[in-house]
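The values are calculated or read from the model by the stated rules, or taken from the named source; none is laboratory data. Only a predicted model underlies this, so the values are computations on that prediction, with no experimental measurement involved. Here the Cβ positions follow ideal geometry from the backbone for every residue, glycine too, while neighbour counts run over all protein chains shown.
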Amino acid sequence: MSTYAVIRVLVLLLVLLPLASAVIVPAFGRFARRVALALALVHLGVTAGVVTIAIPTLDYRAGQEVSQRGDEFAAQFHPEFVPGDPGAKNDSAEARTTWTLFSLSNKPLAPGKPGPNVQFYIGIDGLNLWLVALSSLMLIPVILVSWESVKEKPGAFFGWVFLLQAGIIGAFLSFDVVLFYIFFELTLIPSFFLIGKWGVGSGRRDAARKFFLYTLAGSLLTLVGVIGVVLTNPSADGTITFSIPQLMTNVQQGLHDAHQKALAGDGAALAAKQSVQFWLFIALMAGFMVKVPIWPFHTWLPSAYGESPIGVTVMLSALMAKLGTFGILRLVLPLVPDAAITYGLPAIGGFAAFGIVYAALCAYASKDIKLVIAYSSVSHLGFLVLGLFAFNKEGLSGAVLHMVNHGLSTGALFATLAFLMDRYRTTEIGKFGGLMARYPNYAVLVFVLCLASVGLPGLNNFVSEMLMLGGLFDARNPGIHRLGLAVIAAFGVFLSAWYTFTVLQKAFFNPTKEPEPVGATAPTDVNRREFVAFGGLAVLCLILGLFPLPILDTMKQDVRVLSIIGDTARARVQGVPYVYVDDEPKQPTARPIAPIDIDKGGAPAPPLGGGPKGAVPPGGGTKGAKGGEKGGKGASPK
């Protein structure tokens, strides 16, 4: 078996291991906790292997996201280590798969030809690698903080947790729109049972139903948007496809042709495509806005977070909320780019900006620490949505990094509440005081995580928030005042520190006060299990604050793809030709060979992507631009 084939088996195991664990764990009864922890550690080991192998590949990819089709160029994702990839036989990636789940065509298709096939198309790229690692890592604290609190049917509880993890990881890895939607919806089932069966309050069943119905209603509209994107963007021969990379090519090609007509004076085709994109944008965003959640679609969150057991709340905040933002990143931005540029910041960004302030005020007014962190999550995720719709390199890089950072810091803060729940069965702020003197080790860990959450320099959230702010200041989207959104986002950082330190002052520094303990013996400070559960996450927050470059470097090429799509969309919306500026000069490991331009008498042509920053290829041809516009990178010499 070739090396590439072995690696793609590991990628396949990222989904199959949680699915198998969901079946295996319930059979072990009272030993389910230990078995679940062992299986989670095995999965983390597989994930570590994939990350170790993927980092060099993602760091040194050079222009693989730009696919050449004759004299047309389109930006698209280029997944690595794809199970079923026919190129695995020669240790070479072809960024496609032969594993078809079902086909909508009765005619056999030629090998490699896109067709109406729903495929098991998963792979690794710079946008999903660290989110998959986060999904694998966070299962360890989820199991550890649920160790004592889940006493009723622990096997079934951890089985549902593994199924939830499988759905989350499957959605992150998917490069087929239908497969993405299947995994996206799969997460609803285990979440419903985990909240309704093992919730901590009397309203747990109502909270589970509300969460399920809200998310399902939005997801059904998203399905309409997915089908609309597929049907309105067939290949050149009229064949529909469900492959996200191929859909990206089809979308860019269609918009390029319509833009060329618009520049020539016939704007009807471009106007029609942009009108269709508007409705598809609304449909796609319906489910993602609920899942994030963005104000005013957040009303399911207080009850769901408040009634869930701590371990489930960790998964909801750290992982499931990222399915919404990742859906925007993977589907909305590349497949309806003109609508994302036109309505992203003015409309969705307006909701997100209002939500930043509104959720911060709700957090300050909340009487329960759990709800303070829940509303804090809504506020921070609004900031993340603004970074995504800035649709430039800084905003996108900061948003992807913030998905990881927010998952670590917010998930860890929720995990720290297990300390109080195990000892007192309450997290009401007014019942605590002087915890600093009572539990100094616990207090230090909470302080570190709170400082990470508010974006203290040297900790992880600071880097991603500064990148997103930079993206907002540089956003050139029409119809918005970018400075205003940037000011609101920065004000949200101040509000975050305000309500966070208020809670710390009340619970940790006021005169000593504590509710009646649960056990007969006096509660003790952080034990070894708890230290591993959220102490390890605090250390990671420090590491990512000091060394964020490994994550940023791996996503660079994929962010570049999206930023090019965003720039071409800006040009179309503004009605001007697009000129590509390559501010990421390549550093090839081998000496490049310049192609021979036959049409110019055999003189060496500039290498693909070459030339000084801002240079337009000779001739300034309108075709061949990367992203499909005038004067772009890699223009075909004519």
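For (1) of a type in the set (Lys, Arg); (2) more than 30 Å from the chain's Cα centre (by Cα), each residue gets a yes or a no:
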position: Gly382; (1), (2): no, no
position: Leu396; (1), (2): no, no
position: Gly407; (1), (2): no, no
position: Gly411; (1), (2): no, no
position: Phe419; (1), (2): no, no
position: Arg423; (1), (2): yes, yes
position: Thr427; (1), (2): no, no
position: Leu435; (1), (2): no, yes
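Looking at Ala304, Ala321, which is the one that is of a type outside the set (Lys, Arg), more than 30 Å from Ile122 (Cα to Cα) and crowded, with 24+ Cβ neighbours inside 10 Å?
Going through Ala304, Ala321 in turn, the sole match is Ala304.
Of the conditions (1) within 25 Å of Leu104 (Cβ to Cβ); (2) modelled with pLDDT of 85 or more; (3) not hydrophobic (A, V, I, L, M, F, W, C), Ser235 fails just one. Which one is it?
It fails just one condition, (2).
Restricting the search to the stretch 484-497, which residues are surrounded by 15 or more Cβ atoms within 10 Å (Cβ to Cβ) and in contact (Cβ under 8 Å) with a residue 24 or more places away in the chain?
Within the stretch 484-497, Leu485, Ile488, Ala489, Gly492, Val493, Leu495, Ser496, Ala497 qualify.
Is the stretch 131-138 home to any residue that is modelled with pLDDT of 90 or more, among the hydrophobic types (A, V, I, L, M, F, W, C) and touching a strand residue (DSSP E or B) at 6+ places or on another chain (Cβ under 8 Å)?
yes
Based on this model, can you work out whether Ser219 counts as crowded, with 16+ Cβ neighbours inside 10 Å, over 17 Å from Pro334 (Cβ atoms) and of a type in the set (S, T, N, Q)?
yes
Identify, please: which residue in the stretch 542-580 is within 15 Å of Phe391 (Cα to Cα) and among the β-branched types (Val, Ile, Thr) and is, among those, surrounded by the fewest Cβ atoms within 10 Å (Cβ to Cβ)?
If we take residues in the stretch 542-580 being within 15 Å of Phe391 (Cα to Cα) and among the β-branched types (Val, Ile, Thr), then Val573 is surrounded by the fewest Cβ atoms within 10 Å (Cβ to Cβ).
Does Thr215 qualify as being closer than 25 Å to Asn128 by Cβ, assigned to a loop (DSSP other than H, G, I, E, B) and either among the aliphatic types (A, V, I, L, M) or in contact with a helix residue (DSSP H, G or I) (Cβ under 9 Å, 6 or more places away or on another chain) (or both)?
No.
Return yes or no: is Leu139 of a type in the set (A, V, I, L, M, F, W, C) and in contact with a His (Cβ under 9 Å, 6 or more places away or on another chain)?
Yes: the conditions hold for Leu139.
I want to confirm something. Restricting to the stretch 111-128 and keeping residues that are at pLDDT below 90 and part of a strand (DSSP E or B), which single residue is surrounded by the fewest Cβ atoms within 10 Å (Cβ to Cβ)?
Among residues in the stretch 111-128 that are at pLDDT below 90 and part of a strand (DSSP E or B), the one surrounded by the fewest Cβ atoms within 10 Å (Cβ to Cβ) is Val118.
Would you confirm whether any residue within the stretch 187-203 is at pLDDT below 90, buried (at least 18 other Cβ atoms within 10 Å of the Cβ) and not in a helix (DSSP H, G or I)?
Yes: one or more hits.
Going through Val23, Val46 one at a time, which residue ends up being farther than 28 Å from His406 by Cβ, assigned to a helix (DSSP H, G or I) and either modelled with pLDDT of 85 or more or not aliphatic (A, V, I, L, M) (or both)?
Val23
Assess whether Lys197 counts as being out of contact with any Cys (no Cβ under 6 Å at 6 or more places or on another chain) and farther than 30 Å from Leu333 by Cβ.
Here the answer is yes, as Lys197 does meet what is asked.
Give the stretch 345-376 a look and list any residue that's among the small types (Gly, Ala, Ser) and closer than 26 Å to Leu472 by Cα, or say none.
Ala347, Gly349, Gly350, Ala352, Ala353, Gly355, Ala359, Ala360, Ala363, Ala374, Ser376
Specify the residue that is surrounded by the most Cβ atoms within 10 Å (Cβ to Cβ); the eligible residues are those in the stretch 515-541 that are closer than 17 Å to Gly433 by Cα and charged (D, E, K, R).
Asp525
Determine, yes or no, whether Asn461 is crowded, with 22+ Cβ neighbours inside 10 Å, assigned to a helix (DSSP H, G or I) and either touching a helix residue (DSSP H, G or I) at 6+ places or on another chain (Cβ under 8 Å) or on the phi > 0 side of the Ramachandran plot (or both).
The answer is yes for Asn461.
Residues are listed down the side, and each one gets a yes or a no for (1) in a loop (DSSP other than H, G, I, E, B); (2) without any contact (Cβ under 8 Å) to a residue 60 or more places away in the chain; (3) aliphatic (A, V, I, L, M):
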| site | (1), (2), (3) |
| --- | --- |
| Phe180 | no, no, no |
| Ala207 | no, no, yes |
| Phe211 | no, no, no |
| Leu231 | no, yes, yes |
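Within the set of pairs 6 or more residues apart or between chains, which connect a residue that is touching a residue at least 24 places away in the same chain (Cβ under 8 Å) inside the stretch 8-28 to a residue that is aliphatic (A, V, I, L, M) and not in a helix (DSSP H, G or I) with Cβ atoms less than 7 Å apart?
Arg8/Val82; Val11/Ile122; Val11/Ile124; Val15/Ile122
Would you confirm whether any residue within the stretch 268-279 is among the aromatic types (Phe, Trp, Tyr) and closer than 24 Å to Phe120 by Cα?
no
I'd like the residue in the stretch 278-313 that is in a loop (DSSP other than H, G, I, E, B) and more than 29 Å from Lys151 (Cα to Cα) and, out of all such residues, is nearest to the chain's Cα centre (by Cα).
So, considering only residues that are in a loop (DSSP other than H, G, I, E, B) and more than 29 Å from Lys151 (Cα to Cα), the one nearest to the chain's Cα centre (by Cα) is Val292.
Could you tell me whether Ala347 is surrounded by fewer than 24 Cβ atoms within 10 Å (Cβ to Cβ) and modelled with pLDDT under 90?
Yes, satisfied.
If the requirement is being under 16 Å from Arg34 (Cβ atoms), buried (at least 23 other Cβ atoms within 10 Å of the Cβ) and either of a type outside the set (D, E, K, R) or free of Cβ contacts under 8 Å to residues at least 60 places away in the same chain (or both), which of these qualifies: Phe157, Phe172?
Among Phe157, Phe172, only Phe157 is under 16 Å from Arg34 (Cβ atoms), buried (at least 23 other Cβ atoms within 10 Å of the Cβ) and either of a type outside the set (D, E, K, R) or free of Cβ contacts under 8 Å to residues at least 60 places away in the same chain (or both).
Those residues that are among the polar types (S, T, N, Q) and not in a helix (DSSP H, G or I), I need them from the stretch 502-524; list them, please.
Within the stretch 502-524, Asn510, Thr512, Thr521, Thr524 qualify.
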